[in-house]
1. Which residue out of B:ALA135, B:ALA151, B:ALA168 is in contact (Cβ under 8 Å) with a residue 60 or more places away in the chain and outside any helix (DSSP H, G or I)?
2. Could you pull out every one of the helices (runs of 4 or more DSSP H) wholly within region B:232-338 that has 3 or more residues that are within 33 Å of the chain's Cα centre (by Cα) and either over 30 Å from B:HIS682 (Cβ atoms) or modelled with pLDDT under 95 (or both)?
3. Restricting to region A:102-131, what's the tally of residues that are within 12 Å of another protein chain (Cβ to nearest Cβ) and within 12 Å of the chain's Cα centre (by Cα)?
4. Of the numbered conditions (1) at the interface with chain A (Cβ under 10 Å from one of its Cβ atoms); (2) more than 20 Å from A:GLY129 (Cα to Cα); (3) surrounded by 21 or more Cβ atoms within 10 Å (Cβ to Cβ); (4) at pLDDT 50 or above, B:LEU29 fails exactly one; give the number of that condition.
5. Go through region A:1-15 and give me each residue that's surrounded by fewer than 24 Cβ atoms within 10 Å (Cβ to Cβ) and either facing another protein chain (nearest Cβ under 8 Å) or modelled with pLDDT under 95 (or both).
6. Of all the residues that make up region A:16-56, how many are touching a Phe, Trp or Tyr at 6+ places or on another chain (Cβ under 8 Å), more than 10 Å from chain B (Cβ to nearest Cβ) and part of a loop (DSSP other than H, G, I, E, B)?
7. Mind checking whether some residue in region A:8-24 is under 27 Å from B:PRO683 (Cα atoms), assigned by TED's automatic domain parsing to the domain that holds A:ASP150 and free of Cβ contacts under 8 Å to residues at least 24 places away in the same chain?
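The values are calculated or read from the model by the stated rules, or taken from the named source; none is laboratory data. Please read all numbers here as calculations on a predicted model, not as lab measurements. In this analysis, Cβ positions are derived from the backbone assuming ideal geometry, glycine residues included, and neighbour counts consider all displayed protein chains.
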Amino acid sequence: MTKHYVMLADTTRCINCKACVVACRAEWETPLGFSRDWVKEVELEKADGTPQVMLFPGRCQHCDDAPCIESCPSGAAFKREDGMVLQDNCICSGCELCVPACPYEARWLNPETSKINKCTYCQPRIDEGLAPACVLTCVGRALIFGDKNDPESEVSRLLNDKDKKWERLTTDTVNIGPNHYYYTDGVALPDEVMPKQPEKHIANKVLENVVNPVGALGVGGMLATFIGAGLMKLMSRRNEVNTDNNQEEK
Amino acid sequence: MSTLNNFDPSRRAFLGATMTGTALSIAGLPSQALARINAPHDSEKLKKTTEVFGFCDMCYWRCGLKIRSRDGRAVKIDGNPEHPNNWGVVCAKGNSGLMVSYAPNRLKYPMKRIGKRGAGKWKRISWEEALDTVAKNLTDIKTKHGPQALALIGHGSWEKPYHRLAHAFGTPNTTSPVFGLCCGPRGLSNMIITGRNLTGNETIDLENCKYFLMMGRNITESLHNGETLGWINGVANGAKVVYFDPRYSITAAKADEYYAIRPLTDHAFLLALIHVVIKEELYDKPFIAEQTQNFDELKERVQKYTPEWAAPITEVPADVIRRIAREMAEKAPSVFVYAPRRMTRSSNDFGTGMSITILNTLFGVWGKKGGVFTPIKYQVPEIELPEYKHAYIASRIETGGDFDYSEPDIPRDHIADEHGKFHRADGAGVMGRWPLANAQYGLTNEMWRAMAEQKPYPIRALMTAGGNGFLNSTNYDIIQKALETVDFYVASDVIPNEMNMYADILLPEASYLERYDDLQVGGAREGYVAVRMPAMKPLHDTRDAWTICKQLADRMDLGQYFPHDSIKELLDDRLKKAGSSLEAIEKVGILKIPRDDKINFPREYGQPLKIKTPSGMSKIEFIPAMLKQLGSDKALDYVEQVRPGKDEFHMTFGRIGFHTHARTQDNIWTADLMRENVLWIHPEPAKKRGITEGELVVVTDTSTGRSEKIKAKVTIRIRKDTIFMIHGFGHWDKRMTTANGQGAGDSNLASYARDPHVGSMSMGLSLVTVAKA
């Protein structure tokens, strides 16, 4: 059966130690000031005036209906059959259209490579049978990763545990099938971690603007600029690749 | 395989066509993109690495590591899943260890001072010149003042050879901050009452514990991987957590009950708890009858400490104190009263520590499942060395973690005895001074004072191996005076800091990823010995501690104390005596003796607890005979603590999970998580002073007038009469390019007072004012 990878975060076990953040940085050499994963510390005030703190480790939610893929004009953003939303570095033009499209703010432009960077669920490690770097290092073992389609897997066991309610970060307006689950022991998910309303991706904008020819012209121009820039980048990258390839074969 | 071999020209062409057509059919793009799901893509690849084993140097818990390397460079630090200190997990600090090795501002080669001491002007010199200079200066001082005129302060997982060198040189004055600045009072409490060591790598059966009473033990942020994971597992297994702290930490967020106890009053709460446990007969009666003594005396002494007495002092309601006692008794012996990690806070830390030990004993936790286990020890003999001629040395015992407070075999009543051997200048273990302080680790705070004041006898040379006297202590004036007073100061370290800026000679240590070190011999449920191997080629002209010390020893006719030709030979020699070899351990990183319930939990198998207290008793002593002899049994009684005046606050500080002490603020990866600390202040006093979130404020110690500037975090997570900041910030060494000038130094504001019984510091006695800067 096809695999279906999911990440589970038991927030009762998370201590905001940021081991996941640094492990990811070391594994994928992300530049300072940027990270593929994070831990949100949400400070709340209970009804009786006493403090409450909730912790939410997060990363790309590898959504079933990922708006980043739709918004990507070059096809660099794609989803594998096993659920991983990935990024093709050769194709990515760094146009950043996918960045505002993601309601979880999981995508960013790597200033060192001018490519979009994001969590891959450690796809290269998974493909070699290794755990994601964040899961491997997680001090509280709050992160659990695995194949939801395998009934024997830890994630299946946990998701099927009737005593535990695993929730996804979705709202009435943003429900795009994230593959990241959270357990809070019954405490309501705070607004601070809920997905933001994504800025509409280009396809939608175009459709809307058909009704408004002036707007359509504007968007058309914008598109032409983006696509032009993307193509230029692609061509120069292709030349580089070819050169590298030749060197490789020597 | 090159990533580019997957390059598929046909796919590219297809893509190009798609792109040009996009403007016309933009809505169709998603399906086209999805159609390419299974086409080969140029995504990231895992690069090939080799793996070696080590143990961490980012804090003092020393987790087992498995380090990935490529082309002679360490690229990723993973945990060793076999190591009982961390079971494969590694925190943010441990993951950031790479940036110690790759720090551009590391100490890269030996240097000598060319400007005024402390001015930070250096000249590169050769190792020959550096070692010759150190040997000559130390020998001159020995000739002129005697060997005791050398002090050694070490703070790191590689300090051991320096202690040996100093002992061989003839001085008893070797010290590590662990006792006087950190865990001393609680280590001593357990040792003197029960004869057992319960600090370092704690031997608590966390997974099976059913009730944690945590006295400011912020286990999620003052973080030790294996301990924290064990605790989280224990909580997941249903343990109740009751947490006391003036600040709502992450641990408070994980607790079932949280009490913002008044600062410095834990002792009062604990005494009332003991009172209830005894009065309501909630204790483990057979255990108390068979394995303890002085119970009746204890009962009498806590008679007056009723919950009603404690409530107004601690602000913990009397009925809560009673309920906690009853709840714990119900779960006993699978309960644990958790002392804070650093217990140098109030003016009676020793009494606080004793109360915790007494409570744990009343609940019968020793040698029981869910309580405290008896560790198994891997026997790895030390090498045989000649006697240390000039000083009595408390041997550094490695088993049971590195914090064994075993009674040192030292006569206690002279500065120098009839054989002319000197006692410690800091007074640790010396009758008439600080007889209770551990002579193996000493009182680092008192050693600085001895240097600054040149009392009780002259200390003319200082050697440091890691550490930062300024930011890990308090009272910068004393530290500076000490550093300026000594005739010669040699510092060994990996990274620059304010203390080693004063050195006459700077010896650059290899980072812990570039070297071998002596073995890690520990005791957990399973016994173990672990190895540290180089994971990368040395980047600079550095050497490891053992090599530096041997080369110094050879120059001072002390070569017999370093009898091996290399550190590898030393490791192999020790391991062969333990029935293994260096070659064997390098393949697995750790050798273990499996856990054994019969040894770990003797009382579950009808076996009595093996007890031998420092007073020589074979029973747990509620009121230890040795304390009575010294008059220190009065430590058990509550002492009134300072209270802030109208405009003052209690000054508190603590840890966050991704910084260690004062040593990670310049690490670019941990600094990326938190560059500067902030001042936690409650909204009410903040409003009164017109202070808003993020605003710069000035915090002033009202007794010394010292002040620090820091940004405010206005939060209900702190008491109204208390402020808090994360420890270790406020660096001023310009070589620390990331940390320099960031945040405020809590150490500049913390109190320099001492616990009257132990001599350890009472850092929490400071009262401060806060105003807009």
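1. B:ALA151
2. Counting at least 3 such residues, we get B:266-279, B:285-291, B:318-331.
3. Selection size over region A:102-131: 7.
4. (4)
5. Once the filter is applied, which keeps residues that are surrounded by fewer than 24 Cβ atoms within 10 Å (Cβ to Cβ) and either facing another protein chain (nearest Cβ under 8 Å) or modelled with pLDDT under 95 (or both), region A:1-15 yields A:MET1, A:THR2, A:THR12, A:ARG13.
6. The total comes to 1.
7. Taking every residue of region A:8-24 in turn, none turns out to be under 27 Å from B:PRO683 (Cα atoms), assigned by TED's automatic domain parsing to the domain that holds A:ASP150 and free of Cβ contacts under 8 Å to residues at least 24 places away in the same chain.
Okay, residues lined up against (1) modelled with pLDDT of 95 or more; (2) surrounded by 17 or more Cβ atoms within 10 Å (Cβ to Cβ); (3) over 30 Å from B:LYS76 (Cα atoms):
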residue: A:CYS119; (1), (2), (3): yes, yes, no
residue: A:GLU152; (1), (2), (3): yes, no, yes
residue: A:LEU159; (1), (2), (3): yes, yes, yes
residue: A:THR170; (1), (2), (3): yes, yes, yes
residue: A:TYR182; (1), (2), (3): yes, yes, no
